[in-house]
Amino acid sequence: MSILHIHKLFVSSPEGWNEFARIQPSAIKLFALLVLPFSLFPPLMLEYAGQHLGAALFPDTAGQAWSIAALFFLIAELISVPLMAWAIKSVANSKGIGSNYHEAFTLAAVAPVPLWLSSLALFSDQVALIMAMVVLGVAGSVALIFRGVGSVLKVEEGLVAFDIAYTVTALGLVAWVMLVMLGLVPALA
């Protein structure tokens with residue numbers, strides 16, 4: 001499956017997720033070919049925005065502070081994906097769904113793609129556009145979680161799938177807020 005076909009994962013037909021499941025990329029391959037490249041977008045954009053928009057909005061913040069924040073942001077992102085996979089597996093197992101770590105990692109690796117792509121809005125100096133893209137990124141990630149729980153974790157019961165997706169979404173949003181706060185440390189200091 002090409003990244004150009006990720007839009008198929010958003011629609012209600014299971015075609016995109018079934019294709020993804022058919023390929024069954026290993027966790028290492030998913031990490032190297034999906035997580036690592038896409039997780040570079042937010043820290044690079046944070047660095048760019050910190051030097052441009054950040055310099056205008058927060059003139060007392062040193063440029064090096066944005067670079068350090070971007071580095072820590074990247075490290076936290078890379079750690080958060082396996083942690084979210086563990087959380088997804090734990091939540092699914094607590095609901096009686098026998099998912100394995102690979103399935104959970106697949107969902108944890110795919111779900112943040114819209115958030116990672118939304119960081120490209122930081123090329124703009126329009127705060128309203130940036131906020132709108134962030135909201136779209138969050139909505140896209142939530143949609144991927146809700147669609148992916150049934151397909152990737154093979155949850156057939158609708159209410160159980162909703163319960164798992166709701167819990168995973170809440171955990172993901174908490175992790176995302178912590179990442180955003182980490183990225184804003186230079187502005188808050």
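Annotations for the structure displayed:
- Just one of the listed residues (MET133, MET181) is out of contact with any Asp or Glu (no Cβ under 9 Å at 6 or more places or on another chain), surrounded by fewer than 14 Cβ atoms within 10 Å (Cβ to Cβ), of a type in the set (A, V, I, L, M, F, W, C) and free of Cβ contacts under 8 Å to residues at least 60 places away in the same chain, namely MET181.
- Criterion violated by ALA62 - all others in (1) more than 15 Å from the chain's Cα centre (by Cα); (2) closer than 23 Å to LEU30 by Cα; (3) in contact (Cβ under 8 Å) with a residue 12 or more places away in the chain satisfied: (2)
- Meets criteria (closer than 17 Å to LEU184 by Cα and either touching a helix residue (DSSP H, G or I) at 6+ places or on another chain (Cβ under 8 Å) or surrounded by 15 or more Cβ atoms within 10 Å (Cβ to Cβ) (or both)) for LEU107: no
- Meets criteria (within 25 Å of LEU33 (Cβ to Cβ) and either among the small types (Gly, Ala, Ser) or at pLDDT 90 or above (or both)) for LYS89: yes
- Boolean, ALA165 is more than 17 Å from LEU34 (Cα to Cα) and touching a Gly at 6+ places or on another chain (Cβ under 9 Å): yes
- Filtering region 136-149 to residues that are surrounded by fewer than 20 Cβ atoms within 10 Å (Cβ to Cβ) and more than 27 Å from ALA49 (Cα to Cα) leaves ALA143, PHE146.
- Any chance LEU46 is of a type in the set (A, V, I, L, M, F, W, C) and either surrounded by 15 or more Cβ atoms within 10 Å (Cβ to Cβ) or in contact with a strand residue (DSSP E or B) (Cβ under 9 Å, 6 or more places away or on another chain) (or both): yes
- Counting only helices (runs of 4 or more DSSP H) that fall entirely inside region 1-69 and contain at least 1 residues that are modelled with pLDDT of 80 or more, under 20 Å from GLY137 (Cβ atoms) and touching a helix residue (DSSP H, G or I) at 6+ places or on another chain (Cβ under 7 Å), the qualifying elements are 27-30, 36-39, 41-51.
- Of SER99, SER118, all but one fail to be at pLDDT 90 or above and buried (at least 21 other Cβ atoms within 10 Å of the Cβ); the exception is SER118.
- Hey, GLU156 of a type in the set (Asp, Glu) and modelled with pLDDT under 90 or not: yes
The values are calculated or read from the model by the stated rules, or taken from the named source; none is laboratory data. If you're wondering where the values come from, they're calculated on a predicted model, not measured in any experiment. Every residue, glycine among them, receives a Cβ derived from its backbone with ideal geometry; neighbour counts consider all protein chains shown.
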